[in-house]
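Below: one structure, written as structure tokens.
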Amino acid sequence: MPSPRRNVDARPLAASASSSSSGPGSPAHGGGGGGGGRFEFQSLLSSRAPGLDPTCTRLRASESPVHRRGSFPLAGAGPSQAPPAPLPEEDRMDLNPSFLGIALRSLLAIDLWLSKKLGVCAGESSSWGSMRPLMKLLEISGHGIPWLLGTLYCLSRSDSWAGREVLMNLLFALLLDLLLVALIKGLVRRRRPAHNQMDMFVTLSVDKYSFPSGHATRAALVSRFILNHLVLAIPLRVLVVLWAFILGLSRVMLGRHNVTDVAFGFFLGYTQYSIVDYCWLSPHNAPVLFLLWSQQ
């Protein structure tokens, strides 16, 4: 009895049976090319199975639905992988404004609104337009040029060392005020209010800017200087304080400045006097200045 495994074409019996049951045009016959075609194809696959091509392996792994879902990283993938996308929560946090920015914008809006409400003398047609000449007179009283010219005149007429020392430091304070205010205005460059009329008394290049108010800084500086170095009666001291306050208020009423410009100007002028008092000029620490002035 012949062995069931023996066959002329060296094929298994299962293959022979399937070939006998299939037609000549079936895939098992390979389009009528004989029964050995399928056996040779299976032999080719079995011969290449131990050492598959790594490229084919990577392609099959990339085509796997598990890999497409990103359940596990590919072992053979290179180091150049795209970074993960940022979380939506992080994007929303970057777009949200900070609390400090909201607070500053709110204060700016309040400052502009209050400055416009207080600008009752900004024009002749304003509610207090008839008070503009008086307000402009106050404007001249706090201008830097009259104070500089007046200090120089008094210094030239003074015949005592104590008077010259006080006037010399007042001149130094006025020059320091002009320098600091011009520097800050050039750095900040805040425009004057929209309802302001550019009819100011003797304006320079940086006077087109609003922050800080030079009149407010000068009023605070001069009033503190006078109160500390001149012996005045109480009514006169009250008048000096009222002059400084009304001068700062008139800047807002005329529409020249906003409220924050005047408030910071008062603070800067008060601080400037501390600088002048710390660097006080006297015949002991600045003898050259006093000798030059005494010779003139």
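The values are calculated or read from the model by the stated rules, or taken from the named source; none is laboratory data. Given the structure is predicted, the values throughout are model-derived calculations rather than measurements. Reconstructed Cβ throughout: ideal geometry from the backbone, glycine too, with neighbour counts over all protein chains shown. Note: areas computed on protein heavy atoms with side chains; ligands, DNA, RNA excluded. Shrake-Rupley method; radii C 1.70, N 1.55, O 1.52, S 1.80 Å.
The table that follows gives values for the structure above.
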quantity	calculated
Positions within region 166-209 being in contact with a Pro (Cβ under 7 Å, 6 or more places away or on another chain) and farther than 16 Å from Trp147 by Cβ, in sequence order	Ile184
Number of the exception - Val252 against (1) β-branched (Val, Ile, Thr); (2) out of contact with any Phe, Trp or Tyr (no Cβ under 9 Å at 6 or more places or on another chain); (3) surrounded by fewer than 22 Cβ atoms within 10 Å (Cβ to Cβ); (4) in contact (Cβ under 8 Å) with a residue 12 or more places away in the chain	(3)
Hits in region 115-148 - residues which are outside any helix (DSSP H, G or I) and of a type in the set (Phe, Trp, Tyr)	Trp128
Residues located in region 149-159, provided they are open to solvent by less than 90 Å² (accessible area, probe 1.4 Å) and part of a helix (DSSP H, G or I)	Gly150, Thr151, Leu152, Cys154, Leu155, Ser156
